[in-house]
Amino acid sequence: MDLQTLPGEPWADYGLIDSGHGRKLERYGRFRFIRPEPQAMWAPAQDDWQADGEFVPGSDEEGGGRWFYERPVPAEGWPLRWNEVTFQSSCTPFRHLGFFPDMAPVWDWMRGKVADKIAAGDTPQVMNLFGYTGVGTLAMAAAGAQMVHVDASKKSVAQARANAGLSGLEDRPVRWIVDDAAKFVAREVRRGRRYDGILLDPPKYGRGPDGEVWRLEEDLPGLIANCRQLLDADSRFLFLTVYAVRMSALAIGELLKQAFADLPGTVEAGELTVREEARGLMLPTAIWARWSR
(Lines give C-alpha, C1' and ligand atoms only; values in the text may rest on other atoms or scores of the structure.)
Protein backbone atom coordinates (compact mmCIF):
# COMPACT_ATOMS: atom_id res chain seq x y z
CA MET A 1 0.00 0.00 0.00
CA ASP A 2 1.46 3.34 -1.09
CA LEU A 3 1.17 6.01 1.59
CA GLN A 4 -0.23 9.41 0.66
CA THR A 5 0.06 12.88 2.16
CA LEU A 6 -3.16 14.82 2.73
CA PRO A 7 -2.04 18.45 3.15
CA GLY A 8 -3.96 21.11 5.05
CA GLU A 9 -3.63 24.50 3.39
CA PRO A 10 -3.93 27.83 5.23
CA TRP A 11 -7.27 29.60 5.10
CA ALA A 12 -8.49 33.05 6.16
CA ASP A 13 -8.97 32.21 9.86
CA TYR A 14 -6.16 29.68 10.34
CA GLY A 15 -2.56 29.18 9.30
CA LEU A 16 0.65 27.51 10.46
CA ILE A 17 2.97 30.52 10.32
CA ASP A 18 6.28 28.90 11.28
CA SER A 19 7.61 25.80 13.05
CA GLY A 20 10.83 24.41 14.46
CA HIS A 21 12.82 23.47 17.56
CA GLY A 22 9.85 21.48 18.89
CA ARG A 23 7.29 24.28 18.64
CA LYS A 24 4.86 25.81 16.15
CA LEU A 25 3.47 29.32 15.66
CA GLU A 26 -0.12 29.46 14.41
CA ARG A 27 -2.73 32.12 13.72
CA TYR A 28 -6.31 31.63 14.87
CA GLY A 29 -8.25 34.59 13.57
CA ARG A 30 -6.75 37.74 15.09
CA PHE A 31 -4.65 35.84 17.64
CA ARG A 32 -1.31 34.06 17.39
CA PHE A 33 -0.24 31.18 19.61
CA ILE A 34 2.84 29.03 20.19
CA ARG A 35 2.29 25.36 21.01
CA PRO A 36 4.58 22.33 21.50
CA GLU A 37 5.19 20.26 18.37
CA PRO A 38 7.61 17.32 18.72
CA GLN A 39 7.50 16.63 14.97
CA ALA A 40 9.06 20.04 14.22
CA MET A 41 12.64 18.84 14.66
CA TRP A 42 14.05 21.35 12.16
CA ALA A 43 15.04 24.98 12.73
CA PRO A 44 12.31 27.65 12.38
CA ALA A 45 12.34 30.19 9.56
CA GLN A 46 12.50 33.00 12.13
CA ASP A 47 13.61 33.14 15.76
CA ASP A 48 11.71 36.25 16.90
CA TRP A 49 8.19 34.84 17.15
CA GLN A 50 5.53 37.26 18.34
CA ALA A 51 2.49 35.61 19.91
CA ASP A 52 -0.48 36.42 22.12
CA GLY A 53 0.05 33.28 24.17
CA GLU A 54 2.03 30.07 24.51
CA PHE A 55 1.18 26.65 25.88
CA VAL A 56 4.11 25.38 27.97
CA PRO A 57 3.99 21.62 28.60
CA GLY A 58 4.45 20.16 32.06
CA SER A 59 7.40 18.03 33.06
CA ASP A 60 5.28 14.90 33.51
CA GLU A 61 4.54 12.34 30.78
CA GLU A 62 0.77 12.75 31.02
CA GLY A 63 0.65 15.78 28.75
CA GLY A 64 0.08 18.43 31.40
CA GLY A 65 0.98 22.08 31.09
CA ARG A 66 -0.60 25.54 31.03
CA TRP A 67 -1.11 28.66 28.93
CA PHE A 68 0.90 31.85 29.41
CA TYR A 69 -0.34 35.05 27.79
CA GLU A 70 1.51 38.11 26.50
CA ARG A 71 -1.76 39.94 25.73
CA PRO A 72 -5.39 39.50 26.82
CA VAL A 73 -7.19 36.60 25.14
CA PRO A 74 -10.97 36.11 25.66
CA ALA A 75 -11.49 33.28 28.13
CA GLU A 76 -14.89 32.55 26.56
CA GLY A 77 -13.31 32.17 23.13
CA TRP A 78 -13.78 33.95 19.81
CA PRO A 79 -15.47 32.93 16.54
CA LEU A 80 -13.65 31.51 13.53
CA ARG A 81 -15.02 30.51 10.14
CA TRP A 82 -14.36 27.69 7.68
CA ASN A 83 -16.48 27.99 4.54
CA GLU A 84 -20.13 28.00 5.76
CA VAL A 85 -19.26 26.93 9.32
CA THR A 86 -18.72 29.40 12.17
CA PHE A 87 -17.41 27.95 15.43
CA GLN A 88 -15.96 29.05 18.73
CA SER A 89 -12.22 28.72 19.28
CA SER A 90 -10.66 28.92 22.75
CA CYS A 91 -7.46 28.02 24.60
CA THR A 92 -8.31 24.69 26.21
CA PRO A 93 -6.39 22.99 29.07
CA PHE A 94 -5.52 20.24 26.57
CA ARG A 95 -3.19 22.55 24.55
CA HIS A 96 -5.42 22.70 21.44
CA LEU A 97 -7.93 25.42 20.58
CA GLY A 98 -11.27 23.64 20.43
CA PHE A 99 -10.93 22.13 16.95
CA PHE A 100 -8.34 20.41 14.76
CA PRO A 101 -7.40 22.52 11.73
CA ASP A 102 -5.54 19.67 10.03
CA MET A 103 -8.95 18.05 9.44
CA ALA A 104 -9.94 20.70 6.88
CA PRO A 105 -8.85 18.60 3.85
CA VAL A 106 -10.81 15.66 5.29
CA TRP A 107 -13.97 17.80 5.45
CA ASP A 108 -13.45 18.81 1.82
CA TRP A 109 -12.84 15.20 0.75
CA MET A 110 -15.97 13.88 2.50
CA ARG A 111 -18.12 16.57 0.93
CA GLY A 112 -16.77 15.58 -2.47
CA LYS A 113 -17.61 11.91 -1.94
CA VAL A 114 -21.33 12.63 -1.47
CA ALA A 115 -21.66 15.65 -3.78
CA ASP A 116 -23.25 13.66 -6.61
CA LYS A 117 -25.90 12.20 -4.31
CA ILE A 118 -26.79 15.67 -3.05
CA ALA A 119 -26.85 17.04 -6.61
CA ALA A 120 -29.28 14.24 -7.54
CA GLY A 121 -31.64 15.31 -4.74
CA ASP A 122 -30.69 12.59 -2.27
CA THR A 123 -29.80 13.21 1.39
CA PRO A 124 -26.68 11.24 2.38
CA GLN A 125 -26.70 9.71 5.86
CA VAL A 126 -23.35 10.36 7.58
CA MET A 127 -22.12 9.63 11.12
CA ASN A 128 -19.35 11.49 12.95
CA LEU A 129 -17.96 9.38 15.81
CA PHE A 130 -15.92 11.11 18.53
CA GLY A 131 -17.34 14.27 16.94
CA TYR A 132 -16.00 16.72 19.55
CA THR A 133 -17.16 20.31 18.92
CA GLY A 134 -18.83 19.47 15.65
CA VAL A 135 -16.95 21.37 12.95
CA GLY A 136 -16.80 18.25 10.76
CA THR A 137 -20.46 17.51 11.44
CA LEU A 138 -21.47 21.03 10.45
CA ALA A 139 -19.24 20.97 7.36
CA MET A 140 -21.22 17.97 6.14
CA ALA A 141 -24.60 19.31 7.28
CA ALA A 142 -23.96 22.58 5.44
CA ALA A 143 -23.29 20.59 2.26
CA GLY A 144 -26.65 18.79 2.54
CA ALA A 145 -25.97 15.59 4.53
CA GLN A 146 -28.15 14.28 7.34
CA MET A 147 -25.82 13.84 10.31
CA VAL A 148 -25.50 11.72 13.44
CA HIS A 149 -22.97 13.33 15.81
CA VAL A 150 -21.70 11.12 18.64
CA ASP A 151 -19.40 12.09 21.51
CA ALA A 152 -19.08 10.87 25.10
CA SER A 153 -18.64 14.42 26.43
CA LYS A 154 -21.83 16.32 27.22
CA LYS A 155 -19.81 19.55 27.22
CA SER A 156 -18.41 18.88 23.73
CA VAL A 157 -21.84 18.09 22.30
CA ALA A 158 -23.23 21.26 23.88
CA GLN A 159 -20.45 23.25 22.21
CA ALA A 160 -21.19 21.52 18.90
CA ARG A 161 -24.84 22.55 19.15
CA ALA A 162 -23.78 26.10 20.01
CA ASN A 163 -21.53 26.10 16.93
CA ALA A 164 -24.54 25.04 14.85
CA GLY A 165 -26.31 28.13 16.15
CA LEU A 166 -23.33 30.36 15.36
CA SER A 167 -23.34 28.97 11.82
CA GLY A 168 -27.06 29.42 11.28
CA LEU A 169 -27.32 25.65 10.83
CA GLU A 170 -29.43 24.81 13.88
CA ASP A 171 -32.32 23.71 11.65
CA ARG A 172 -30.24 21.22 9.64
CA PRO A 173 -30.96 17.52 10.26
CA VAL A 174 -28.44 16.58 12.96
CA ARG A 175 -28.94 14.07 15.77
CA TRP A 176 -26.76 15.13 18.71
CA ILE A 177 -25.87 12.02 20.72
CA VAL A 178 -24.04 11.90 24.08
CA ASP A 179 -22.91 8.28 24.23
CA ASP A 180 -20.01 5.87 24.18
CA ALA A 181 -19.12 5.57 20.47
CA ALA A 182 -18.50 1.82 20.49
CA LYS A 183 -21.76 1.09 22.31
CA PHE A 184 -23.74 3.39 20.03
CA VAL A 185 -22.35 1.78 16.88
CA ALA A 186 -23.10 -1.71 18.21
CA ARG A 187 -26.72 -0.66 18.82
CA GLU A 188 -26.96 0.79 15.31
CA VAL A 189 -25.81 -2.58 13.93
CA ARG A 190 -28.53 -4.36 15.90
CA ARG A 191 -31.09 -1.86 14.59
CA GLY A 192 -30.08 -2.66 11.03
CA ARG A 193 -29.13 0.93 10.21
CA ARG A 194 -26.99 1.94 7.23
CA TYR A 195 -24.92 5.02 6.41
CA ASP A 196 -23.42 6.58 3.32
CA GLY A 197 -20.33 7.69 5.22
CA ILE A 198 -18.62 7.49 8.62
CA LEU A 199 -15.91 9.72 10.09
CA LEU A 200 -13.91 8.41 13.07
CA ASP A 201 -11.43 10.51 15.04
CA PRO A 202 -10.85 8.35 18.14
CA PRO A 203 -8.57 9.30 21.04
CA LYS A 204 -5.76 7.09 22.19
CA TYR A 205 -7.51 6.72 25.55
CA GLY A 206 -10.89 7.90 26.78
CA ARG A 207 -13.91 7.26 28.95
CA GLY A 208 -17.57 7.08 28.01
CA PRO A 209 -20.37 8.86 29.89
CA ASP A 210 -20.93 5.82 32.11
CA GLY A 211 -17.25 5.16 32.77
CA GLU A 212 -16.65 2.95 29.73
CA VAL A 213 -12.93 2.69 28.97
CA TRP A 214 -11.63 3.20 25.43
CA ARG A 215 -8.13 2.00 24.52
CA LEU A 216 -7.27 2.57 20.89
CA GLU A 217 -5.05 -0.45 20.23
CA GLU A 218 -7.52 -2.83 21.92
CA ASP A 219 -10.86 -1.42 20.84
CA LEU A 220 -10.33 0.00 17.34
CA PRO A 221 -10.57 -3.32 15.42
CA GLY A 222 -13.96 -4.16 16.93
CA LEU A 223 -15.29 -0.67 16.24
CA ILE A 224 -14.13 -0.84 12.61
CA ALA A 225 -15.80 -4.23 12.21
CA ASN A 226 -19.10 -2.82 13.47
CA CYS A 227 -18.78 0.28 11.30
CA ARG A 228 -18.34 -2.02 8.31
CA GLN A 229 -21.77 -3.51 9.11
CA LEU A 230 -23.33 -0.04 8.80
CA LEU A 231 -21.96 0.44 5.26
CA ASP A 232 -22.89 -1.33 2.04
CA ALA A 233 -22.04 -1.35 -1.66
CA ASP A 234 -23.94 1.93 -2.12
CA SER A 235 -22.05 3.70 0.70
CA ARG A 236 -19.32 6.19 -0.13
CA PHE A 237 -16.67 6.34 2.57
CA LEU A 238 -15.19 5.61 5.97
CA PHE A 239 -12.43 7.95 7.09
CA LEU A 240 -10.28 7.14 10.15
CA THR A 241 -7.73 9.45 11.74
CA VAL A 242 -5.32 8.41 14.49
CA TYR A 243 -3.06 10.67 16.54
CA ALA A 244 -1.35 7.88 18.51
CA VAL A 245 2.35 8.07 17.69
CA ARG A 246 3.03 4.35 18.19
CA MET A 247 0.65 3.27 15.45
CA SER A 248 1.52 3.15 11.74
CA ALA A 249 -0.53 4.34 8.78
CA LEU A 250 0.26 0.98 7.18
CA ALA A 251 -1.25 -0.80 10.19
CA ILE A 252 -4.57 1.03 10.15
CA GLY A 253 -4.62 0.80 6.35
CA GLU A 254 -4.36 -2.99 6.55
CA LEU A 255 -7.07 -3.02 9.24
CA LEU A 256 -9.47 -1.28 6.85
CA LYS A 257 -8.31 -3.36 3.87
CA GLN A 258 -9.30 -6.56 5.66
CA ALA A 259 -12.53 -5.15 7.08
CA PHE A 260 -13.72 -3.92 3.68
CA ALA A 261 -12.39 -6.79 1.56
CA ASP A 262 -15.94 -7.83 0.62
CA LEU A 263 -16.99 -4.38 -0.64
CA PRO A 264 -16.04 -2.69 -3.90
CA GLY A 265 -13.93 0.40 -3.52
CA THR A 266 -10.43 1.51 -2.58
CA VAL A 267 -8.49 1.53 0.69
CA GLU A 268 -5.81 4.20 1.10
CA ALA A 269 -3.64 5.38 3.99
CA GLY A 270 -1.17 8.11 4.76
CA GLU A 271 -0.37 11.17 6.85
CA LEU A 272 -2.27 14.34 7.60
CA THR A 273 -0.08 17.43 7.35
CA VAL A 274 -0.36 21.20 7.60
CA ARG A 275 1.52 23.40 5.15
CA GLU A 276 3.71 25.99 6.84
CA GLU A 277 3.23 29.51 5.48
CA ALA A 278 6.85 30.61 6.03
CA ARG A 279 8.45 27.99 3.75
CA GLY A 280 5.72 25.70 2.45
CA LEU A 281 7.12 22.67 4.27
CA MET A 282 4.72 20.02 5.52
CA LEU A 283 4.30 19.47 9.27
CA PRO A 284 2.93 15.94 9.94
CA THR A 285 0.11 15.82 12.47
CA ALA A 286 -1.65 12.44 12.29
CA ILE A 287 -2.05 9.24 10.32
CA TRP A 288 -5.17 8.24 8.42
CA ALA A 289 -6.78 5.41 6.50
CA ARG A 290 -9.93 5.47 4.40
CA TRP A 291 -12.22 3.26 2.35
CA SER A 292 -14.13 4.91 -0.47
CA ARG A 293 -15.97 4.23 -3.69
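The values are calculated or read from the model by the stated rules, or taken from the named source; none is laboratory data. Note that this is a predicted model, so its numbers are computed, not measured. Note that we place each Cβ from the backbone using ideal geometry, even for glycine, and neighbour counts take in every protein chain shown. Surface areas here come from the heavy atoms of the whole protein model, side chains and all, with no ligands, DNA or RNA. Shrake-Rupley method; radii C 1.70, N 1.55, O 1.52, S 1.80 Å.
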(request) Using a 10 Å cut-off on Cβ atoms, rank the peptides 102-108, 256-262 from the highest mean neighbour count down. (result) 102-108, 256-262
(request) Give the span of segment 94-247's Cα atoms along each principal axis, as three whole-Å numbers ordered largest to smallest. (result) 41, 35, 28
(request) Can you pull a Stokes-Einstein diffusion coefficient for segment 177-238 at 25 °C (0.890 mPa s), Rh from Kirkwood over Cα pairs, as a whole number of µm²/s? (result) 201
(message) Counting C-alpha atoms alone, how compact is segment 244-293: give Rg to one decimal and Dmax as a whole number, in angstrom.
(response) 13.6, 45
(message) With every atom except the alpha carbons ignored, what do you get for Rg and Dmax of segment 159-262, in angstroms?
(response) 15.0, 42
(request) Can you sort 21, 149, 96 by 1.4 Å-probe accessible area, starting with the largest? (result) 21, 96, 149
(request) Filter the GluC sites (Glu not before Pro) in segment 129-228 to those in DSSP coil with at most 15 other Cβ atoms within 10 Å of their Cβ, and list the result. (result) 170, 212
(message) Ignoring ligands, DNA and RNA, please state the percent of accessible area on segment 160-223 from carbon and sulfur, probe 1.4 Å.
(response) 46
(request) Project the alpha carbons of segment 103-181 onto their principal axes and report the range along each, largest first, in whole Å. (result) 36, 23, 20
(request) DSSP loop (so not H, G, I, E, B), at most 15 other Cβ within 10 Å: list which GluC sites (Glu not before Pro) in segment 34-123 pass both filters. (result) 61, 62, 70, 76, 84
(message) Percent of Cα-Cα pairs more than 34 Å apart in the chain, please.
(response) 18
(message) Please compare each pair in 117/154; 154/204; 154/257; 155/204; 117/204 to a cut-off of 30 Å on the Cα-Cα distance and tell me which ones are over it.
(response) 117/154; 154/257; 117/204
(message) From the alpha carbon gyration tensor of segment 36-95, can you work out the equivalent ellipsoid semi-axes (sqrt of 5 times each eigenvalue) and give them in Å, largest to smallest?
(response) 23, 17, 14
(message) Per residue, how large is the accessible surface of the chain? Use a 1.4 angstrom probe and give square angstrom.
(response) 46
(request) Could you bin all the Cα-Cα distances of segment 44-168 into 5 Å bins starting at 0 and give me the percent of pairs in each, rounded to whole numbers? (result) 2, 10, 17, 18, 17, 14, 9, 7, 4, 2, 0
(request) Hey, can you grab everything whose amide H is under 5 Å from the amide H of residue 286? Only 5+ residues off in sequence or another chain; H modelled, so Pro and N-termini drop out. (result) 272
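Please identify every one of the chymotrypsin sites (Phe, Trp or Tyr not before Pro) in segment 49-104 that sits in a loop by DSSP and has no more than 12 other beta carbons within 10 Å of its own beta carbon.
94
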(request) Note down the Stokes-Einstein diffusion coefficient of segment 71-145 in µm²/s, whole number, using a Kirkwood radius over alpha carbon pairs, 25 °C, and 0.890 mPa s. (result) 180
